[in-house]
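Asker: Please find one structure pasted underneath; my questions will follow.
Computed from the coordinates by the stated procedures, all read-outs in this text should not be read as laboratory data. Everything numeric here is computed off the predicted structure, so don't read it as measured data. Glycine gets a Cβ as well: all are built from the backbone with ideal geometry, and neighbour counts include every protein chain shown.
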Amino acid sequence: MATVLTAIELTKHFGDVTAVDGLSFDLEVGSVTGFLGPNGAGKTTTLRMLLGLARPSSGRALVLGRPYVELPRPAAHVGAMLEAADLHPRRTGLDHLRVLAAVAAVPRSRVDEVLALVELSGAARRQAATYSLGMRQRLGLAAALLGDPELLILDEPANGLDPAGVRWLRDFLRAFASEGRTVFVSSHHLAEIAQTVDRAVIIDRGRLVADAPLDQLTDRGAAGLEDVFLELTSAGQA
């Protein structure tokens, strides 16, 4: 299958600390891939390098064959949510998205579309100060969807969602991938990830420890994802 993103020997040093160490993997078009690792494993640093927000010490990341910063109209190719939306407390969700749409040269009509997609239309004119964490997560996802991207990169998107919201997110991501698009999702919710992803990339202490289809990792049901994760990572030694 065609690849939409490639990490090639990505490495990041912070002084004497190596946060990411020679990390390589590919994302296939139309897949949902989970990005897993214990706290401090280097997941967020990796995501920032993929998106051009941090410069690798060595190695490179390619999105559609080129570095993210070289993409024409990047919002049309990649949508990202690395944390809950940073909102001005007096700005409404609608206004927040309109500002982002203007910056990305996205038609204003797209704002109403993404609000409907994340089921926030009814709260769009409320001030951000009244939003729960789950609502802020949905707004962050709406922002990532503004450019109608081919690839979504999401960091802990289920944080703050109630069980119904978590199920909604799972169904949304699967439907997104079924349209021939691609999802890369970092999460600590292993039970939910096991119901969502096709493939898992697992890192520990900045290094790749597994990259395989989920059914291969779990030996077709003989072991759960949590068991595999704990066996492969330092989290199982805590």
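Asker: List the residues whose amide H sits under 5 Å from the amide H of residue 20, counting only those 5 or more places along or on another chain, with H placed 1.01 Å from N in the peptide plane.
Answerer: Here 12 satisfy the definition.
Asker: With r defined as the distance between the Cβ atoms of residue 29 and residue 109 and R0 fixed at 25 Å, what FRET efficiency is calculated, to the nearest 0.05?
Answerer: According to the calculation, E is roughly 0.35.
Asker: For the chain, what does the alpha-carbon gyration tensor say about shape, rounded, prolate or oblate, given a ≥ b ≥ c as the root eigenvalues, a/c under 1.5 as rounded, and a/b over b/c as prolate?
Answerer: Prolate, since a/c reaches 1.5 and a/b exceeds b/c.
Asker: If R₀ is 22 angstrom, what is the calculated FRET efficiency for the pair residue 8 and residue 191, using the beta carbon separation as r and rounding to 0.05?
Answerer: The calculated FRET efficiency here is 0.10.
Asker: In terms of the ratio Rg/(2.2 N^0.38 Å) built on C-alpha atoms, what value belongs to the stretch 117-238?
Answerer: 1.18
Asker: For the chain, give the share of DSSP beta bridges that are antiparallel, in percent and rounded to the nearest 5; count only bridges with both residues there.
Answerer: Beta bridges within the chain, antiparallel portion: roughly 55 percent.
Asker: Here's a follow-up. Quick one: check the C-alpha center-to-center distance for the stretch 160-218 versus the stretch 49-75, whole angstrom.
Answerer: Value for the Cα centre distance between the two parts: 22 Å.
Asker: When the helices in the chain are scored as -39500 (n - 2.57) per DSSP H run of 4 or longer and the sum is shared across all residues, what 222 nm value do you end up with, to the nearest 500 deg cm²/dmol?
Answerer: Roughly -9000 deg cm²/dmol at 222 nm, from the helical runs in the chain.
Asker: Considering only 76, 33, 97, whose Cα is most displaced toward the positive end of the charge dipole of the stretch 1-99, charges sitting on Cβ of Lys, Arg (+1) and Asp, Glu (-1)?
Answerer: The Cα lying farthest towards the positive end belongs to 97.
Asker: Let me ask something else about it. Scan around residue 160 for amide H atoms under 5 Å from its own, H built in the peptide plane at 1.01 Å from N, and keep only partners 5 or more places away or cross-chain.
Answerer: Amide H to amide H, under 5 Å and 5 or more residues apart or across chains, residue 160 pairs with nothing.
Asker: How do the peptides 130-136, 28-34, 196-202 rank, highest first, by the average count of neighbouring beta carbon atoms within 10 Å per residue?
Answerer: Result, highest mean first: 196-202, 28-34, 130-136.
Asker: Ordered by packing density, taken as the mean number of other Cβ atoms within 10 Å over each peptide's residues, highest first, how do 147-156, 162-171, 90-99 rank?
Answerer: 147-156, 90-99, 162-171
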